[in-house]
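Asks: Below you'll find the structure I mean.
Readers should treat all values here as calculations from the given coordinates under stated rules, not as data from a laboratory. Since this is a predicted model, take the numbers as computed values, not measurements. A quick note on method: Cβ atoms are made from the backbone with ideal geometry, for glycine too, and the neighbour counts reach across all protein chains shown.
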Amino acid sequence: MQLGDIAIGTARSVAQRSQLGEYPLTASSGHDHVEAVASALARFGREARAAIDLGDDLGDRDSADIVTEVSRGIDRWLWLVEAHAQAER
């Protein structure tokens, strides 16, 4: 939307387009949940950084800048979640 397009953000459309794996329904301990969330955030972070590179390669600085800010947020969340994984050990 920031670039003037329409956001298709229903749960169904987002789930269909997502490259993230399904959340493990067998996760039962706090550690299992922390690991599942950390894994999803790490994958999301890698995808975001690839999108930054793509924006740069295409000369689309605005898109690269938007995704860079998203990437910073993902990295902060991942750091917080991984801190919980370290605390449990």
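Asks: Contour minus end-to-end for residue 3 and residue 33, with contour as 0.36 nm per residue of separation and end-to-end as the Cα-Cα distance?
Replies: Gain in length upon complete extension: 7.3 nm.
Asks: What three numbers, in Å, describe the spread of the alpha carbons of region 11-88 along their principal axes, ordered from the longest?
Replies: 45, 30, 16
Asks: Next question. Quick check: residue separation of residue 61 and residue 46 times 0.36 nm, minus the Cα distance between them. What number comes out in nm? All intermediate terms of the calculation are to be shown ahead of the outcome.
Replies: On the way: separation 15, 0.36 × 15 = 5.40 nm, distance 1.87 nm.
Computed gain between residue 61 and residue 46 is 3.5 nm.
Asks: For the chain, what does the helix formula give at 222 nm: sum of -39500 (n - 2.57) over DSSP H segments with n ≥ 4, over the residue count, nearest 500 deg cm²/dmol?
Replies: Values: 3 runs with 63 residues, N = 89.
Computed mean residue ellipticity for the chain: -24500 deg cm²/dmol.
Asks: Tally Lys/Arg at +1 and Asp/Glu at -1 over every other residue whose Cβ is under 15 Å from the Cβ of residue 43; what's the total? Intermediate results must be reported in sequence, preceding the final value.
Replies: On the way: positive: 17, 46, 49; negative: 22, 35, 47, 75, 82.
Result for the neighbourhood of residue 43: -2.
Asks: Now for a different question. Once you put a point 7 Å from the Cα of residue 26 and another 7 Å from the Cα of residue 86, both along the Cβ direction, what distance in nm separates them?
Replies: According to this spin-label approximation, the distance is 2.9 nm.
Asks: So how tilted is helix 61-88 from the main axis of the chain? Cα-based, degrees 0 to 90, rounded to 10.
Replies: Helix 61-88 and the main axis of the chain meet at about 0 degrees.
Asks: Let me ask something else about it. So which GluC sites (Glu not before Pro) in region 1-62 pass both tests, a DSSP loop state and at most 14 other Cβ atoms within 10 Å of the Cβ? Spell out each step's value before the answer.
Replies: Working: sites: 22, 35, 47; in loops: 22.
Filter output for region 1-62: 22.
Asks: Tell me the relative contact order for the chain as a rounded percent, counting alpha carbon contacts under 8 Å between residues six or more apart. Each step should come with its number before you reach the end.
Replies: Numbers: 52 pairs, mean separation 26.1, N = 89.
Value for the chain: 29 percent.
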